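Visitor: I have a structure I would like to understand better, so I am pasting it below and will then ask my questions one at a time.
The values are calculated or read from the model by the stated rules, or taken from the named source; none is laboratory data. In this text, all values refer to a predicted model and were calculated from it rather than measured experimentally. Cβ placement follows ideal geometry from the backbone for every residue including glycine, while neighbour counts extend to all protein chains displayed. The protein model used for the area step is the full one, side chains on, heavy atoms only, and it has no ligands, DNA or RNA in it. Shrake-Rupley method; radii C 1.70, N 1.55, O 1.52, S 1.80 Å.
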Amino acid sequence: MSEEQSEEQRPECVIQESTKVHSAASIQIRDLKKVFRRDEVETVALDDFSLDIRKGELIALVGPSGCGKTTILRLIAGLTEPTSGEILINGRPCTAPGADRGMVFQDFALFPWRSVRKNVEFGLEVAGVPKEERRERAERYINRTGLEKFIDARVHELSGGMKQRVGIARALVCHPDVILMDEPFGALDAQTRNIMQVQLLKILEKTDQTIVFVTHSVDEAVFLSDRIVVLTKRPARIKEIIDIPWQRPRDRACSEFTALRKRILTELEEENVMNN
């Protein structure tokens, strides 16, 4: 291929730069450390971890297996307490779970005896939201996730991708400021996973929630994120923060996309080698 041909074809593969502007920090994490103690043995899972996450941002956490990604989510969720350091959500100390945070799990965590509608309504029900308002809000998010034809179906009648959409709708319906997603598409086959990634982006176009997304897939992180936080092997520290300057949707076959994915994979491989 000539240089002229290469230049002519290149624009088809260029990813446009994003014009999205984020506001002030929604989550502020300062000098976070987490030590687990069992049978007088201490394991440092997280150390010297500081990060600001802006409102409306989608942040992906990637790192070696077992490095502490889920621990970070659980700390932000208020499900576990830090050994030292602090987390602020919209300027308020995070000391316990709250309605300002929603969580989507890898294993769906749905109630099999409830319908799609009743699963999505659950958080609103616990919060004491009136029945008619619960119904209206649940239906709105069920429609956004493309499950309107299955609104009265039971969980066992749904595919894996549909179950995860129920989990996403359930997290969104309570209008949390922050959504924490722990490998939400990890149990899905490759084709369904790609479909769900696109579906998630379509849903998020209509919201301004802040997303913290844990994944083992570098491809997924590059496809979805505004920024990627690359972690070291345990204890997890920040190795690098990568800004993704491109608009969505992104072309996975583009040379820029491929180059960034390769660079991150190389960093993770080096991290594993250095710590083995």
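Visitor: Can you give the Rg and Dmax of region 201-270 based on its C-alpha atoms, in angstrom?
Guide: 12.8, 39
Visitor: Once label points are set 7 Å from the Cα along Cα→Cβ at both THR207 and ASN194, what is their separation, rounded to one decimal in nm?
Guide: Spacing of the two 7 Å Cα→Cβ label points: 2.5 nm.
Visitor: Right, next: Most fluctuating residue of VAL41, VAL178, VAL214 in a GNM of the chain with Cα springs under 10 Å: which is it?
Guide: Highest fluctuation among the options: VAL41.
Visitor: Here's something else I'd like to know. Based only on Cα atoms, what Rg/Rh ratio does region 126-276 have, Rh being taken as Kirkwood's radius? Walk me through the numbers before you get to the answer.
Guide: On the way: Rg = 17.7 Å, Rh = 17.4 Å.
Radius of gyration relative to Kirkwood radius: 1.02.
Visitor: Oh, and also: Tell me, which longest segment in the chain has none of the GluC sites (Glu not before Pro) that fall in DSSP loops with at most 16 further Cβ atoms within 10 Å?
Guide: Values: sites that count: GLU40, GLU205.
Value returned for the longest uninterrupted segment is 41-204.
Visitor: Next question, about the same structure. Hey, what does the equivalent ellipsoid look like for the chain, semi-axes from the Cα gyration tensor as sqrt of 5 times each eigenvalue, largest first, whole Å? If you can, show how the numbers build up before the last one.
Guide: Numbers: eigenvalues 187, 146, 62 Å².
In descending order the semi-axes read 31, 27, 18 Å.
Visitor: Rounded to the nearest 10 Å², what accessible area does ARG193 have for a 1.4 Å probe in the complete protein model?
Guide: Here the residue's solvent-accessible area equals roughly 40 Å².
Visitor: Hey, got the dipole for the chain? About the Cα centre, +1 on K and R Cβ, -1 on D and E Cβ, debye to the nearest 20? Please report the intermediate quantities before stating the final value.
Guide: Values: 41 positive and 44 negative charges, 229 e Å.
Rounded to the nearest 20 debye, it is 1100 debye.
Visitor: For GLU57, list long-range residues whose amide hydrogen, built 1.01 Å from N in the peptide plane, is under 5 Å from its own amide hydrogen.
Guide: Amide H to amide H, under 5 Å and 5 or more residues apart or across chains, GLU57 pairs with ILE211.
Visitor: Largest first, what is the accessible-area ranking of PHE111, PHE105 with a 1.4 Å probe?
Guide: On the way: PHE111 50, PHE105 75 Å².
So the residues, ranked largest to smallest area, are PHE105, PHE111.
Visitor: Let me ask something else. At 1.4 Å probe size, with no ligands or nucleic acids counted, give the accessible surface of ASP100 in Å², nearest ten.
Guide: Its accessible surface works out to 30 Å², give or take rounding.
Visitor: On a full-extension model of 0.36 nm per residue, what is the gain between GLU125 and TRP113, subtracting their alpha-carbon distance, rounded to one decimal in nm? If you can, show how the numbers build up before the last one.
Guide: On the way: separation 12, 0.36 × 12 = 4.32 nm, distance 1.58 nm.
Extending this stretch completely gives an extra 2.7 nm.
Visitor: Now for a different question. Check cross-link reach from LYS202 to the lysines: straight Cα distance under 23 Å, and skip same-chain residues fewer than eight apart.
Guide: LYS20, LYS55, LYS149, LYS163
Visitor: So if each residue of separation counts as 0.36 nm, and I subtract the Cα-Cα distance between HIS175 and HIS216, what length gain in nm does that give?
Guide: Working: separation 41, 0.36 × 41 = 14.76 nm, distance 2.70 nm.
Gain on extension, HIS175 to HIS216, equals 12.1 nm.
Visitor: Which of the pairs LYS33/LYS262; LYS33/LYS118; LYS206/LYS233 have their Cα atoms more than 32 Å apart in this structure? Mind dumping the intermediate values first?
Guide: On the way: LYS33/LYS262 30 Å; LYS33/LYS118 38 Å; LYS206/LYS233 36 Å.
Where the Cα-Cα span goes over 32 Å, the pairs concerned are LYS33/LYS118; LYS206/LYS233.
Visitor: Of all DSSP beta bridges in the chain, what percent run antiparallel (nearest 5)? List each step's numbers first, then the result.
Guide: Working: 24 of 42 bridges.
Just about 55 percent of them are antiparallel.
Visitor: I've got another one for you. Round to the nearest 0.05 the FRET efficiency obtained for PHE36 and ILE241 when R0 = 30 Å and r is the Cβ-Cβ distance. Before the final figure, lay out the partial values.
Guide: On the way: r = 25 Å, r/R0 = 0.85.
After rounding, the FRET efficiency stands at 0.75.
Visitor: Would you give the gap between the C-alpha center of region 52-113 and the C-alpha center of region 29-49, rounded to a whole Å?
Guide: Computed from Cα coordinates, the inter-centre distance equals 16 Å.
Visitor: State the extension gain, in nm to one decimal, for the chain segment bounded by ARG92 and ALA259, taking 0.36 nm per residue of separation less the distance between their alpha-carbons. Please list the in-between numbers first.
Guide: Working: separation 167, 0.36 × 167 = 60.12 nm, distance 3.91 nm.
Once the chain is fully extended between ARG92 and ALA259, it gains 56.2 nm.
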